[in-house]
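Q: Have a look at this one.
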Amino acid sequence: MKISLAQMQVNQGNIEENFNNALAMIDEAHFCKSNLILFPELFLTGFDYQNIDNLSKIMPSYIDKLLEKSVSLAICGTYLENINNKIFNTFYCLYEKKIVFKYSKIKLFEVTNEHKFFYPGSINQENTFDLFDVKFGVAVCFELRFPEFFRKASLKGADILLLSAIWPTQRIFAWQILSVARAIENQVFFVGCNAIGKSGQWMCGGYSSIFDPLGNKLECAYEKTTLKTADIEPSYARKVQIEFPSLIKSYDLYGG
């Protein structure tokens, strides 16, 4: 299957510009015959706290527009979600004009005051979904620093881990190291999409990447606004796990 990384600048609060840039990348992914495209965290709005309430209320209309573009292409990324005036940072997977999966970010980044504007998702929610006869695991940005999220998904059979982020340049070394670590320790494919350029007060570091279960880099966007696509075979993860059984050895640590 083909997976595309949509590394783009997330212009804080400029929903129309972000939406149009996203549409261009979706069209390019269609041209590449990708099965799935992954966008950065809050790719339509960024963290515009001053206007977060209004932006969250108009978000469903933009999701509806993206649903129309999801025929034959799964569109993944996070959005502002307003539920009874409580705002969540929620990962959506859109496919064939349907919302096939949602996951709300649990670990909010208190350094940038996320906890003052967002509600955390439930610790009991599922962070895996099935599509294309493949199981995907999901996490959002800061959760990259918590290996438990990825191990939970991997022990449930995920072959591909997806992560949307707005990760700053000043900590991009950690982004690169932790991304490859999540692939190696879980013996799965890791797909991480970051933003690039200025988003509000932050300079985003890019380096959106796809790693295979051995930690080999299959694709990287480095420091450019670009779409990168990799052709992967999800069953290779199981092959690696059988030939070098380390993931299965962890079951007893989790009560398995």
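Q: Over the Cα atoms of region 166-256, what is the Rg over Rh ratio if Rh follows Kirkwood?
A: 1.07
Q: Kindly provide the GluC sites (Glu not before Pro) of region 139-231 that DSSP labels as loop, not H, G, I, E or B, and whose Cβ sees at most 15 other Cβ atoms within 10 Å.
A: In loop regions of region 139-231 (DSSP not H, G, I, E or B), the sparsely surrounded GluC sites (Glu not before Pro) are Glu223.
Q: With both partners inside the chain, how many of the DSSP beta bridges are antiparallel, as a percent to the nearest 5?
A: Antiparallel: roughly 70 percent of the beta bridges in the chain.
Q: By average Cβ neighbour count within 10 Å, what is the ranking of 7-13, 91-97 from highest down?
A: 7-13, 91-97
Q: What relative contact order, as a whole-number percentage, does region 2-254 give when Cα pairs under 8 Å and 6 or more residues apart are counted? Before the final figure, lay out each step's value.
A: On the way: 572 pairs, mean separation 50.5, N = 253.
So the answer I get is 20 percent.
Q: Taking the highest mean first, how do the peptides 129-138, 42-51 order by number of other beta carbon atoms within 10 angstrom per residue?
A: Numbers: 129-138: 19.4, 42-51: 21.8.
Listed from highest to lowest mean packing, they are 42-51, 129-138.
Q: Would you look at the GNM of the chain, springs on alpha carbons closer than 10 Å, and say which of Phe88, Phe109, Phe150 moves the most?
A: Comparing Phe88, Phe109, Phe150 in a Gaussian network model of the chain, the most mobile one is Phe109.
Q: Over the alpha carbons of region 1-99, what is the largest minus smallest coordinate on each principal axis, giving the biggest first in Å?
A: 38, 25, 17
Q: Search the structure for amide H atoms under 5 Å from the amide H of Leu73, placed 1.01 Å from N in the peptide plane, and list their residues when 5 or more places away or on another chain.
A: Here Glu96 satisfy the definition.
Q: Give me the one-decimal nm value for the distance between modelled label points at Ile123 and Ile83, 7 Å along each residue's Cα-to-Cβ direction.
A: Each label point lies 7 Å from its Cα, and together they span 1.7 nm.
Every read-out reported here was derived from the displayed coordinates using simple, explicitly stated rules and does not represent laboratory data. What you see is a predicted model; the values in this text were computed from it and never measured. So basically every Cβ, Gly included, is an ideal-geometry build from the backbone, and we count neighbours across all protein chains shown.
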